[in-house]
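The values are calculated or read from the model by the stated rules, or taken from the named source; none is laboratory data. Keep in mind the model is a prediction, meaning the values are calculated, not measured. Neighbour counts run over all protein chains shown; Cβ positions are idealised from the backbone, glycine included.
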Amino acid sequence: MDRLIEAINTTQNPSVVGLDPTEALVPAQVVASFADEVRESVESEEELQAAQLAVAYYEFNRTIIDAVAGIVPAVKPQIAMYEALGPAGVDVYAMTCEYARERGLYVLADVKRGDIGSTAAAYARMLTGVGEHDPWSIDAVTVNPYLGTDGITPFVDAATEADKDLFVLVRTSNPSSSELQMLDLADGKKVYEHVADLVEGWGAETIGKYGYSRVGAVVGATHSEEGKALRKRMPHTFFLVPGYGAQGGTAADVRGMFDADGSGAIVNSSRGIIGAWRKSGQYSEGMSADEALELVGESARAATIDMRDNLRAVL
Ligand SMILES: O=C(O)c1cc(=O)[nH]c(=O)n1[C@@H]1O[C@H](COP(=O)(O)O)[C@@H](O)[C@H]1O
């Protein structure tokens with residue numbers, strides 16, 4: 001977590017751009033512009049759409065990364081959007097991570113892993129690589145704690161070995177999260193509070209020079225009060241705070257998830273940044289692919305600066 005904190009200090013910006021492309025978020029002319037190039041590389045017409053989208057996602061991501069590098073410390077590519085396209089999408093996921101890292105960004109792989117110990121150990125190799133080969137170019141992963149300690153320990157070990165981090169879901173931003181996370185336990189705690197205590201424990205042996213462990217927590221921007229309470233409950237745990245923007249979370253909502261000195265958390269926005277071009281009022285279907293990408297980059301940069309300034313104003 002030290003590297004992430006230093007990147008936040010350098011940019012003076014505790015926010016992360018989520019790279020969650022979908023067909024609707026990439027301008028149609030950008031996707032169309034790859035039709036000829038891709039047709040030569042696929043074996044059948046059926047593969048064309050996924051292959052074309054995959055190439056378009058990569059160009060789109062590079063445009064966003066170029067536009068926000070130096071302003072934000074980190075990106076968070078969400079693997080679901082890429083896996084949906086099959087192997088071509090997974091390739092683009094790895095290429096996106098590599099490109100972001102080359103541009104100096106901390107790469108938080110949003111992969112939400114969670115399984116029994118032996119399988120978790122295999123998933124955790126995403127952090128360590130295979131032998132000398134590191135195919136993923138990432139700095140951290142997200143992990144689901146539902147399986148308990150043996151699903152988490154392999155990630156803590158791998159993160160320690162590779163000098164990387166993990167973020168464990170504690171209080172998620174989605175509306176039905178309360179069905180499980182807000183349940184009362186016999187000892188008076190809520191389920192998410194119990195998970196929070198486990199997360200502090202899982203990280204206890206890995207505390208870095210800024211006082212935070214390698215084991216971060218995911219706390220939704222949409223749960224302002226619980227987030228504030230968790231900040232006090234988890235003094236050595238760095239927070240990833242998604243739910244800003246598209247899900248309704250505001251800078252005021254996330255203020256309490258930071259420490260008194262303005263550290264301790266990083267706030268994610270995905271659609272709010274990468275889809276900003278759609279709300280710019282400047283897009284038209286008649287634009288060329290290059291013009292559309294230029295608008296994507298300019299809008300993402302403006303939205304990123306806006307988010308940064310909104311966060312700075314409350315910290
Ligand atoms: O782990 C996450 O990043 C995550 C946890 C959570 O509680 N809520 C949540 O929205 N996320 C992710 O954060 C991103 C939010 O995207 P936007 O709502 O478009 O900003 C998506 O990639 C989600 O999968």
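Put simply, of A221, A251, A265 the only residue that is under 19 Å from N13 (Cβ atoms), surrounded by fewer than 23 Cβ atoms within 10 Å (Cβ to Cβ), within 16 Å of the ligand (Cβ to nearest atom) and aliphatic (A, V, I, L, M) is A251. Filtered by the rule that a residue be away from the ligand (no atom under 16 Å from the Cβ) and among the hydroxyl-bearing types (S, T, Y), segment 140-173 gives T149, T153, T160. Identification of helices (runs of 4 or more DSSP H) wholly contained in segment 9-120 with 3 or more residues that are more than 16 Å from the ligand (Cβ to nearest atom) and within 18 Å of P135 (Cα to Cα) yields 87-102. Per the listing T206, T172, the residue uniquely closer than 19 Å to I138 by Cβ and either surrounded by fewer than 22 Cβ atoms within 10 Å (Cβ to Cβ) or under 22 Å from the mean Cα position of the chain (by Cα) (or both) is T206. Screening the candidates V141, V156, V107 for the property of being farther than 16 Å from A74 by Cβ, modelled with pLDDT of 95 or more and buried (at least 21 other Cβ atoms within 10 Å of the Cβ) yields one hit, V156. Taking the criterion of being in contact (Cβ under 8 Å) with a residue 40 or more places away in the chain and either assigned to a helix (DSSP H, G or I) or under 10 Å from A67 (Cβ atoms) (or both), the residues of segment 271-293 that qualify are R271, I273, I274, W277, R278, A289, A292, L293. In the set S176, S137, only one residue is more than 21 Å from I116 (Cα to Cα), among the small types (G, A, S), within 16 Å of the ligand (Cβ to nearest atom) and out of contact with any strand residue (DSSP E or B) (no Cβ under 6 Å at 6 or more places or on another chain); that residue is S176. Just to verify a result, which residue in segment 227-248, among those that are touching a residue at least 40 places away in the same chain (Cβ under 8 Å) and under 26 Å from D306 (Cβ atoms), is farthest from the ligand (Cβ to nearest atom)? This residue is F238.
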